[in-house]
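The structure appears below as structure tokens.
Nothing in this text is a laboratory measurement; each read-out follows from the coordinates by a stated rule. Model, not experiment: these values are computed from the prediction. Glycine also receives a Cβ, built like all others from the backbone with ideal geometry; neighbour counts cover every protein chain displayed.
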Amino acid sequence: MTIKFEKFELANGLRVLVHEDASTPMAIVNVLYDVGARDEDPKKTGFAHLFEHLMFGGSVNIEDFETPLQLAGGENNAYTTNDFTNYYIQLPAENIETAFWLESDRMLSLAFSEKSLEVQRKVVMEEFKEHYINKPYGDAWFKMRELVYHHHPYRWMTIGSELSHIEQAQLEDVRNFFFKYYRPVNAILVVAGKVTAEQVRGLAEKWFGDIPPGEKYVRNLPREPRQQEARRLEVRADVPLDALYKCYPMAARTEDGYYVADLITEVLGGGQSSRLHQALVKEKKLFSQIECYHTGSNDPGLVVIEGRLIKGVSMKAADEAVEEELQKMRTEAVTEKELTKVKNKTESAIVFEDMSVMNRAGSLAIYELLGDANMMNTELDRYRAVSIEDILGASRELFDPRNSNTLYYRTLEGSEK
């Protein structure tokens, strides 16, 4: 299914994409800002995520973001990644101007106050404590990222590297962050649903056209050097089971290697019929659960294997069993049947995701950020082009032992084995 859209750009640099779908009575207004955790000052991390919360604190003209939206029958949400921050509103199409009014007003004149900062600071700090400090295994990815990334800012989590960075955030820091990144020239607006391109053009000009463009943010992030030797870390914590984490640097989002790596993770960890589950959970009974996935990040990301060991199983035995499966990937070609299966599964997932007009709007924004919104219509071809030889060649490079990063996350009473 081809996703049709029209694209234009306002004089202030705001990119606008329109996807018409008359089959729904709803409309989606999605605003993506080209800023994520990777763009933060290493001494002031967590700001992109903090800012996501602050954007709901009201603007100079609209004190309460939620009430007018609810009166218009709408709902909204947002999320932050290491690569970008995305805001979206869904509401009846006849009330779409309410969404334009709200989104443009906070882009133009977000309210900066000590009260709003303090409220959202507390919310984010509680989230940090609940999910990353007090939760079992909650700090695993803090340790893992620092093990893998020594130069690139993917070395810290979206939530931030330290709680103190959020605690010490100043209003001036927040204001500077807003005017650097939250400008039309650094944003992508996607409108989808029961709308027309002509209608959206008029509304975009009316509500966003007069906002000062700002300066285009140009990244110049440090590249992570190619890893030359295996890295390993052991920690002990008050957790119920030993856990094993293994990471392998992989290709960036727009590179051919990304699509190969994506299919490799499906072969290894795509559900109960996958290799790791069949061999290590079902047959050898070393893990209670194990999965393989990738981070999908815009810059070079990670293939991840993580699993919880069965009580009494040694970490060494579990790790060696994983390595044995990876050795098979490096030396034995996957079968045509196996490759066809994971390709079909991937295609079904993409098609199913695109059934929602909200997902289509979000995907168009992300693909536009990657460089071409029409990638949404060409992605499947890149998966279909992956061959058995591609899988074998990529596995040899990807799972080279020198490319490995391993975390042994042990219980307090566990053995050293």
Note to self, the chain gives a 222 nm [θ] from helices alone (DSSP H runs n ≥ 4, -39500 (n - 2.57) apiece, / all residues, nearest 500) of -12000 deg cm²/dmol
About the Cα centre, charge dipole magnitude for the chain (Lys/Arg +1, Asp/Glu -1 at Cβ), debye: 1040
Which aspartates and glutamates, if any, have their Cα less than 16 Å from the Cα of Lys284, not counting same-chain residues under 8 positions apart? Asp319, Glu320, Glu323, Glu324, Glu325
Separation of the Met1 and Glu347 label points, Cα + 7 Å toward Cβ, nm: 1.5
Based on the alpha carbons, how large is the Rg to Rh ratio for the range 5-74 when Rh follows Kirkwood? 1.05
Kirkwood hydrodynamic radius for the range 316-417: how many Å is it when counted over pairs of different Cα atoms? 17.0
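Kirkwood hydrodynamic radius, the chain, all distinct C-alpha pairs: what's the number in Å?
23.2
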Karplus ³J(HN,Hα) for the range 346-357 (6.51 cos²θ - 1.76 cosθ + 1.60, θ = phi - 60°; Hz, whole; x = Gly/Pro) runs 5, 4, 4, 5, 5, 5, 5, 4, 6, 5, 7, 5
Using a Gaussian network model of the chain whose springs link C-alpha atoms within less than 10 Å, name the residue from Lys180, Lys328, Lys337 with the highest mean-square fluctuation. Lys337
Filtering trypsin sites (Lys or Arg not before Pro) in the range 35-71 by DSSP loop and by at most 13 other Cβ atoms within 10 Å leaves Lys43
Evaluate the charge dipole of the range 357-417 about its Cα centre and quote only its size in Debye, nearest 20, assuming +1 on the Cβ of each Lys and Arg and -1 on the Cβ of each Asp and Glu. 160
If the reach is capped at under 19 angstrom between alpha carbons, list the lysines near Lys143, excluding any in the same chain fewer than eight residues apart. Lys43, Lys44, Lys129, Lys135, Lys246
So what does the Cα-only Debye profile of the range 97-204 read at q = 0.15, 0.21, 0.22 Å⁻¹, as log10 I(q)/I(0), no solvent term? -0.88, -1.12, -1.16
First select every other residue whose beta carbon is under 12 angstrom from the beta carbon of Gly362; then total the charges, Lys and Arg +1, Asp and Glu -1. -2
As an exercise, take the mean of 1/r over every pair of distinct alpha carbons in the range 6-208, invert it, and state the Kirkwood radius in angstroms. 17.9
R0 = 22 Å: FRET efficiency of Arg175 with Glu127, Cβ-based, nearest 0.05? 0.45
Mind telling me which of Gly371, Gly193, Gly74 comes out most flexible in a GNM of the chain, alpha-carbon contacts under 10 Å? Gly371
